[in-house]
Structures are given as C-alpha cells and as structure tokens.
Amino acid sequence: MTRGRTSRAREADLVAFQKLLGHDFTDGLLLQRALTHSSAADGQRGLATNERLEFLGDRVLGLVIAEWLSEDYPAAAEGELAIRLNALVRKEACAEVAARIGLGPLVHLGPGEEKAGGREKPAILADACEALIAALYLDGGLEAAARFIRAQWSFAVSRPAPRLIDAKTALQEWSQSHGKGVPSYMMRERTGPDHAPVFQVEVRVSGMKGALGEGISKRLAEQAAAKAMLIALQEWSEND
C-alpha cells in the first residue's frame, strides 16, 4: 500500500476495493497477504507475502478460463482452445486486469521497489492479481473466484483467437524480433530400429542455452525442440 498513508485510510481503501470485487472477505488477512509483495518482507521477519497465493491463483484462473472457453466455443478444436487459454492466463493478461481494477496503489511494497516504480511493473501487477484470485478462492470458494474472473476477463474472452502458428515459426519470429537472427537446428542423435526411429535435435538461439526435442521424424523433433525453447523463454521472461 502507498507509503505515507494512515492505517485508517488503507483500511478504507480495502473496504472500497472489496465492494468493487463484490466480495466481503471473512478473513481480511487473506486479502492483505494477497496484496503484499515479497519486497515488503525485507527486514520484516515472518511477514506473509503473496508468492504462494500467486501459485494457487494461477491454477484457479486456468481452471475457470478453460471451463468458460469450453462453454462459449463448443465447436472449437482443442488446439484453438489451448491458444485462447494461453493468451488469457498469461502474465500480460493478468497485469491488464490488475491495471483495470486499480490494484497497483493497493500493493504493499518494500521501500526499494516503491522507489523503482513497482506499482506499474506488469510482473508485480500480474502476481498480485493471481494472488487475489487465490484469496477469493480460499475465502469464498470457487464460486467467488469464478465470479471475479468472469467479470474481469469478459472483455478479453471474446477477442479473436491469436494467430495459430507452429513452434518453429513462433521461435523464429521471436528470435528475429529480438535481433538474434534465425535459430539453428542440429541433429544430435538417432535411435531405435529403422521402422520406428527416434530423432533428437537441438535448437540454438544466439546468446541462449540450447534446447532439445525428440520425434519420430526430423521435422517433428525440430518442432519439439522449438517448443521446448519457447517454454524456456517464457519462464525466463516471467522471472526476469
């Protein structure tokens, strides 16, 4: 929460925020914990932060969105549903929702993160949003969490599905857009009998650790390697 504000003002902010959420917390400490960034724990031993709630909230969000998409797109193939799901649960989407509901000013930050503009950082906003979902789930059950998600993600669910591209194309687009040129693929191993071979391929992007993939053909092995690299890149960007 913003430094310099009195505890009474902060309490009033949280009361108003709960009205916005449409949920009055039985356990007010859950809400406070959801809004406490790990930086606030520096020098405050035992202060509960939102890191574990963030983990749970991510899973609750995925469940609710998956059910929602299954209802709204009954004719969509699994591949399209997966693409829509990934777009809606990624950190960028959570940060967008957090900004829309004014979550930034309510987050409890450490002094250093406060000075660094942490309230506007997408990663911090996204984590707080996921933690808030977990707090709603723990305090009011799946119904409370789903009510919040369906209200705040409604603007995004109806968006056109992102363009369906294969992993190799996606990796090449990322690599070139970041000035790293075209990814290179190298055969590492071929095992198995002639009638059922297994190929192992490594993909490398300039400045990045290589990633391996396997498949029953070189093409499938390259796609698997590209997918593994994309997953590694996503994890790297989220932890950056």
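The values are calculated or read from the model by the stated rules, or taken from the named source; none is laboratory data. In this text the structure is predicted, and so the values were computed from the model without any measurement. Neighbour counts run over all protein chains shown; Cβ positions are idealised from the backbone, glycine included.
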request  = Enumerate the pairs (first residue in the range 92-113 and over 20 Å from residue 58 (Cβ atoms) and assigned by TED's automatic domain parsing to the domain that holds residue 14; second residue anywhere and of a type in the set (Lys, Arg) and in a helix (DSSP H, G or I)) with beta-carbon separation below 8 Å, excluding pairs fewer than 6 apart on the same chain, so at least 6 apart or on different chains.
outcome  = 105/119; 109/119
message = Tell me yes or no: at least one residue of the range 131-146 is surrounded by fewer than 20 Cβ atoms within 10 Å (Cβ to Cβ) and of a type in the set (Ser, Thr, Tyr).
response = no
inquiry  = Can you go through 21, 14, 81, 61 and tell me which one is surrounded by 15 or more Cβ atoms within 10 Å (Cβ to Cβ) and modelled with pLDDT of 95 or more?
reply    = 61
query = Applying the selection to the range 85-100, what residues are buried (at least 17 other Cβ atoms within 10 Å of the Cβ) and not in a helix (DSSP H, G or I)?
reply = none
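A quick yes/no check of all residues on (1) assigned to a helix (DSSP H, G or I); (2) over 12 Å from residue 183 (Cα atoms); (3) polar (S, T, N, Q):
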| position | (1), (2), (3) |
| --- | --- |
| 194 | no, yes, no |
| 201 | no, yes, no |
| 206 | no, no, yes |
| 214 | no, yes, no |
| 230 | yes, no, no |
| 233 | yes, yes, no |
ask   = Within the range 214-227, can you find the residues that are within 9 Å of residue 185 (Cβ to Cβ) and not hydrophobic (A, V, I, L, M, F, W, C)?
value = 218, 222
message = Looking at (1) in a helix (DSSP H, G or I); (2) at pLDDT 90 or above; (3) over 17 Å from the mean Cα position of the chain (by Cα), which one does residue 149 not meet, given that it meets all the others?
response = (3)
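If a residue must be of a type in the set (S, T, N, Q), surrounded by 15 or more Cβ atoms within 10 Å (Cβ to Cβ) and more than 30 Å from residue 93 (Cβ to Cβ), how many such residues does the range 193-240 contain?
Quick first cut of the range 193-240, residues of a type in the set (S, T, N, Q) only: 200, 206, 217, 223, 234, 237, 239.
Those still in the list that are surrounded by 15 or more Cβ atoms within 10 Å (Cβ to Cβ) too: 200, 223.
Right, trim to more than 30 Å from residue 93 (Cβ to Cβ) and you get 200.
Of the residues in the range 193-240, 1 are of a type in the set (S, T, N, Q), surrounded by 15 or more Cβ atoms within 10 Å (Cβ to Cβ) and more than 30 Å from residue 93 (Cβ to Cβ).
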